[in-house]
Amino acid sequence: MNIENPADAVRELTRLWQGERHTNGRPRVADDLLERMKLVTTEEAWGVLRKHGYDRQFEGNWFVTHPGKTLVGRAVTAMMLPHRPDFHEVVAEQGAKDGRIGGQNSWVIDTLELGDVMVIDMFGKIKDGTFVGDNLSTSLQAHTRAGAVIDGGIRDYQGIMNLQECVIYCRGVDPTAILDTTLAGINMPIRIGQTTVLPGDIVLGTPTGIIFIPAHLAQEVVERSEDIRTRDHFGKLRLAEGTYTPGEIDRQWEERIELDYQQWLKENGEV
């Protein structure tokens, strides 16, 4: 069996992405786009995704280790299953052949790179489902400088709180260690709540929740968000000047306002 989905399979899963890729086949959305993504709101991203038919990419109701911090990065997906002896034996044997050491949860962390977000389908398990504690979270931070989304639990929260470059969205906190689970695969399609996540998706975590953005739509999401912010700035400026009324600005702009906006962009070096 393959513990990590082969690169060719990952490329086929994400074939709408036409840009650079990691060696494991995942789309590699550019670092500068990830940085710009940090200012995008959930609603702005949702609007773009919905326009393209991606109606089920948002999941809310999380416990967040560092409230107020935005989580952005490229998804590395992994699925855990309830323990079944025969399957667990196969996975353990393959892991030994691959030279993997430690617990199966640590195998996922070993694959991570800077800018990644670890996304774990832990089928909602919290008790005995704590995918990371403070030790593995320290390694997670060192690998990614981003964090994780875990549809399951974490432990050692008081230690994790001290990590300033690792934001984790999870379902809850419990003192138990991970138990009776088996790693089904890495960089495969997974389910997080009501969403489907593919390797290389852009993870955007805000106070609203988590939205998973297909890599091929990441640039459109960012550019749409920037356009909204710029238009908002212009609109407030003209309202403060008394040029337009709130009723004129707070709706689809008439042609004269749109022309004014385009001229303002040119004069202010925005285009």
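Over the Cα atoms of the stretch 71-181, what is the Rg over Rh ratio if Rh follows Kirkwood?
On the way: Rg = 13.4 Å, Rh = 14.0 Å.
Rg/Rh: 0.95.
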(message) Name the residue from 242, 216, 259 whose Cα lies farthest towards the positive end of the charge dipole of the stretch 216-271, charges +1 on Cβ of Lys and Arg and -1 on Cβ of Asp and Glu.
(response) 242
(request) Would you work out which of 157, 141, 49 lies farthest towards the positive end of the dipole of the stretch 7-213, given +1 charges on the beta-carbon of Lys and Arg and -1 on that of Asp and Glu, about the Cα centre? (result) 49
(message) I'd like the distance separating the alpha-carbon centroids of the stretch 91-121 and the stretch 34-65, in whole Å.
(response) 27
(request) Express the C-alpha Rg of the chain as a ratio against the empirical globular expectation 2.2 N^0.38 Å, rounded to two decimals. (result) 1.15
(request) State which entries of 51/127; 69/97; 38/97; 38/266 exceed 32 angstrom in Cα-Cα distance in the structure shown. (result) 51/127; 69/97; 38/97
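The numbers here are math on the coordinates, done by the rules we state, and not lab data. What you see is a predicted model; the values in this text were computed from it and never measured. Virtual Cβ from ideal backbone geometry, glycine too; neighbours counted across all protein chains shown.
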